[in-house]
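Have a look at the structure below, then the notes.
The values are calculated or read from the model by the stated rules, or taken from the named source; none is laboratory data. In this text, all values refer to a predicted model and were calculated from it rather than measured experimentally. Don't worry about glycine lacking a Cβ; one is built from the backbone with ideal geometry, like all the others, and counts go over all protein chains shown. Areas reflect the complete protein model, heavy atoms only, side chains present, ligands, DNA and RNA absent. Shrake-Rupley method; radii C 1.70, N 1.55, O 1.52, S 1.80 Å.
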Amino acid sequence: MINKITCFLVVVISQAGWAQSQERSVINGRIVSNSPDLEGVYVINAQTETTVTTDNSGTFSIAAKPNDVLVFSSISFKEKRVLLTAENFSDLNFSVSLNMVMHQLQEVVIKNYNNINAVSLGIIPSGQKSYTEAERKLHTATALNATANAGLMAGGSVSADPLLNFFSGRTAMLKKEVAIEKKEIFMKLLESMFSLEHFIERLKIPAEYVKGFEYYAVDNEKFTAILNSKNKTSTEFLLGELAVKYKEIIAIENK
């Protein structure tokens with residue numbers, strides 16, 4: 001059994017190496033939707049983990065090849081995966097339709113039951129870790145199944161699912177999605193704390209660079225740690241320091 005698994009993994013690794021050796025070219029496309037806000041949608045090549053974002057018209061450019069899978073991810077849209085074909089690279093009007101995430105609420109009567117929750121009712125164990133959607137996918141892909149948790153699979157070998165996910169690149173892709181999800185959460189938190197006018201008038205960031213500055217800020221781990229504390233004074237102070245550095249970068253690029 002172990003020999004069979006070993007042979008299978010060797011084949012998977014060989015195929016992955018062969019696929020990565022093929023040259024990729026840039027494919028241009030755009031997303032379409034009923035939403036007027038098409039900017040900032042993440043486009044991920046699941047094979048190479050290359051990530052780009054769409055501009056305000058929904059267009060994007062990314063290195064890929066036929067049989068690569070593009071993952072389109074955003075808080076505003078449902079995730080979509082597209083398997084590329086050779087025809088897509090010659091299609092001047094290559095487009096991907098995305099569906100918006102709809103939040104429909106019915107009438108709700110709220111009552112305060114402080115002592116009644118999922119833990120007190122025994123639905124979930126006390127101290128259970130809560131996962132976001134992307135974290136749940138990653139946990140499922142990397143955790144051993146119920147049989148493996150109890151001990152071993154039939155025949156005495158450990159479950160190979162986490163290994164297969166690792167070598168196929170699925171684990172790496174899911175980790176990328178977790179990072180993207182966290183970044184989107186920080187972006188929403190930042191935008192809820194400071195208005196567009198604050199970036200333009202107070203920090204003196206040109207309007208066309210505001211979105212880029214927000215991405216720049218949430219890439220800074222020190223900043224996201226302070227941002228997550230929701231201390232607006234400390235967040236505003238560090239945001240001002242980052243704005244100075246970002247404007248220096250803009251000035252250099254525009255020379």
Could you sort Glu191, Glu214 by accessible area so the largest value comes first, with the probe set to 1.4 Å? Glu191, Glu214
By its C-alpha gyration tensor, with a ≥ b ≥ c as the square roots of the eigenvalues, how is region 49-89 shaped: rounded for a/c under 1.5, else prolate for a/b larger than b/c, else oblate? prolate
Is region 23-106 best put as rounded, prolate or oblate by its Cα gyration tensor, with a ≥ b ≥ c the root eigenvalues, rounded for a/c under 1.5, and otherwise prolate when a/b is larger than b/c, oblate when not? prolate
How much accessible area per residue does region 164-255 have, counting only protein heavy atoms and a probe of 1.4 Å, in square angstrom? 59 Å²
Computed FRET efficiency, Cβ-Cβ of Phe94 and Val244, R0 35 Å: what is it to the nearest 0.05? 0.30
Fully extended, how many nm does the chain gain between Lys183 and Lys204 (0.36 nm per residue separation, minus their Cα-Cα distance)? 5.2 nm
Once Ile252, Ile226 are ranked on solvent-accessible area with the largest value leading and a 1.4 Å probe, the list reads Ile252, Ile226
Can you tell me the length gained on complete extension of the stretch Glu253 to Thr51, counting 0.36 nm per residue apart and subtracting the Cα distance? 70.6 nm
So for R0 = 25 Å, FRET eff. of Lys80-Ala172 from the Cβ-Cβ r, to 0.05, ends up at 0.80
Using a 1.4 angstrom probe on the protein heavy atoms only, line up Arg170, Arg24 by accessible area, largest first. Arg170, Arg24
How long are the semi-axes of the ellipsoid equivalent to region 173-255, from square roots of 5 times the Cα gyration tensor eigenvalues, in whole Å, largest first? 21, 16, 11
